[in-house]
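Right, one structure below, let's go through it.
The values are calculated or read from the model by the stated rules, or taken from the named source; none is laboratory data. Since this is a predicted model, take the numbers as computed values, not measurements. Counting neighbours? That spans all protein chains shown, and the Cβs are built from the backbone with ideal geometry, glycine included. Protein only, heavy atoms only, side chains kept; ligands, DNA and RNA dropped before computing areas. Shrake-Rupley method; radii C 1.70, N 1.55, O 1.52, S 1.80 Å.
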Amino acid sequence: MGRSIGGISLSKWLAVIIAVAVVVPGVILRFLHLEGAAPLQALIYGIAIVGAAFLLSWAAEVLQMDVSQGLALALLALIAILPEYVVDATFAWLAAREPSYASYAVANMTGANRLLIGVAWPLVVLLVWLRSRRKSVSLEPSHGVEIITLLVATAIAFIIPLNSSIGLIDMAILIAIFGVYMWQLTRMPAEHPELVGPAAMIGSLPKARRRLITGVLGVIAAIGILLVAEPFAHSLVETGTLLGIDEFLLVQWLAPLASEAPEFVVVSIFAWRGAAAAALGALVSSKVNQWTLLIAMLPLIYSVSAGRPDSLPLDHRQVEEILLTAAQSLLAIILLLDLRLSLVGAGALFVLFAAQFAYPNIHMEMVFVYVLCSLVALLVGRKHLTKAFSGLKTAVTDPKQFSEHT
């Protein structure tokens, strides 16, 4: 038998101990302020993010014993994408003093949103197919709340560019949308999840100890991600600069990829272990976060930095970036109306995303392509629309009754 502390066998908790241990070097490096060796620093920070992501995934699984899966995944998503908030808030703050940073703030936000749908969503479906040869991933019916929220937020996103700025009124509307979304999630009942591995060990503990350990792991993961993700993004961008990659591309794609790394790792763990619905649900929750709160934060931080109520200005390129991101979101929502993302649908999202790199200067043409694909998807799936909207409406209006009947 292994050594035990406080009645807990250390051998059984080896995975948790290792996950905590690999976070520590990244946190220590964060405070050393070492110069140079960007690739090595990126490696250390990256390993720390992986460790924190494992801790976060276990905590989120166990949390479902006390709250609904939707609320647990929403909290997981919020923690996992905190680094993206930090990076974008920095750009918005600097934009009040140096206007060029306004384009960086929007580029980072749109890049993060498009990466989420264009890469992370297809990644989950691909992992599920590789693992079990299943050709689709289905969401729990309760995730209809996220679909409705995304549909409303996407409609707002199409309107925002009309003023060539993101204003405080936009901020208020988006925060209200997110508030209603979170309120709906709190109304949903908790269900006993199927736990495996470390999550199962934590879940088998007495309630008080289970909640304490879950909270501790969540806090460690959140602190680790907050401390490590930003320097990870900087070291990764610095590595890209050393390799001669364009600065704007680094801001729009490489920096968001680095700050989204915790989210990507968490959902990959979920998908590979068979929790495909939770993986895709977490990503949909992240999209809600980024498509509401992340956008709303930009004019708020900009105004605070400027010392007066103001709107974050958008140039012509950024208007196109937002419209393109909104068009991508529209297609993704339509593909999810029946709460299922197929291998074909995931492939379409990835191919259209990849096309933006092959043809980087055709933003409005890509908007047209996304809208056209959305209309085709609506036409093909028209038989399921009545049932889909009926189910989504029930999930929003009476989530407890809906859960009982499903």
So the carbon and sulfur contribution to the accessible area of the chain, 1.4 Å probe, in percent, is 69 percent
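How would the chain be classified by its alpha-carbon gyration tensor: rounded, prolate or oblate, with rounded meaning a/c under 1.5 and the a/b versus b/c comparison settling the rest?
On the way: a/c = 1.60, a/b = 1.12, b/c = 1.43.
Since a/c reaches 1.5 but b/c is at least a/b, the shape of the chain is classed as oblate.
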Expressed in square angstrom to the nearest 10, the accessible area of TRP93 with a 1.4 Å probe stands at 100 Å²
For GLU61, the accessible surface traced by a 1.4 Å probe with all protein chains present amounts, in square angstrom to the nearest 10, to 10 Å²
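On average, how much accessible surface per residue is there in the chain, in Å², for a 1.4 Å probe, leaving out ligands, DNA and RNA? Present the calculation step by step, with values, prior to reporting the outcome.
Details: 17740 Å² over 406 residues.
That works out to 44 Å² for each residue.
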Zone reached by a paramagnetic label modelled 7 Å from TRP272 Cα along Cα→Cβ, restricted to region 108-132 with backbone N below 18 Å, covers 120-132
Summed over the other residues with a beta carbon less than 12 angstrom from that of SER342, with K and R at +1 and D and E at -1, the charge totals +2
Once ILE17, ILE213, ILE295 are ranked on solvent-accessible area with the largest value leading and a 1.4 Å probe, the list reads ILE17, ILE213, ILE295
Under the helix-only model (-39500 (n - 2.57) for each DSSP H run of 4 or more, divided by the residues of the chain), the mean residue ellipticity at 222 nm, to 500 deg cm²/dmol, is -24000 deg cm²/dmol
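Please give me the summed charge of the neighbours of LEU126: other residues whose Cβ is under 12 Å from its Cβ, Lys and Arg +1, Asp and Glu -1.
Working: positive: ARG131, ARG133, ARG134, LYS135; negative: none.
With Lys, Arg at +1 and Asp, Glu at -1, the net is +4.
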Projected area averaged over all directions for the convex hull of the alpha carbon atoms of region 262-314, nm², comes out at 4.5 nm²
Ordering THR186, THR325 by the accessible surface of their heavy atoms, 1.4 Å probe, largest first, yields THR186, THR325
Sorted on mean Cβ neighbours within 10 Å (highest first), peptides 128-134, 146-152 come out as 146-152, 128-134
In Å, the Kirkwood estimate of hydrodynamic radius for region 69-198 over Cα pairs equals 17.4 Å
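Students sometimes get this wrong: rank ARG340, ARG211, ARG187 by accessible area, probe 1.4 Å, all chains present, largest first. Let's see the in-between values first.
Numbers: ARG340 95, ARG211 120, ARG187 65 Å².
Largest accessible area first, the list is ARG211, ARG340, ARG187.
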Here, PHE158 and VAL376, labelled 7 Å along Cα→Cβ, have an inter-label distance in nm of 1.9 nm
Expressed in nanometres to one decimal, the distance between label points 7 Å along Cα→Cβ at ARG133 and ILE47 is 3.8 nm
For SER165, other-chain or 5+-apart residues with amide H closer than 5 Å (H placed, Pro excluded) are LEU314
In nanometres, the difference between 0.36 nm per residue of separation and the alpha-carbon distance of SER342 and ASN361 is 3.9 nm
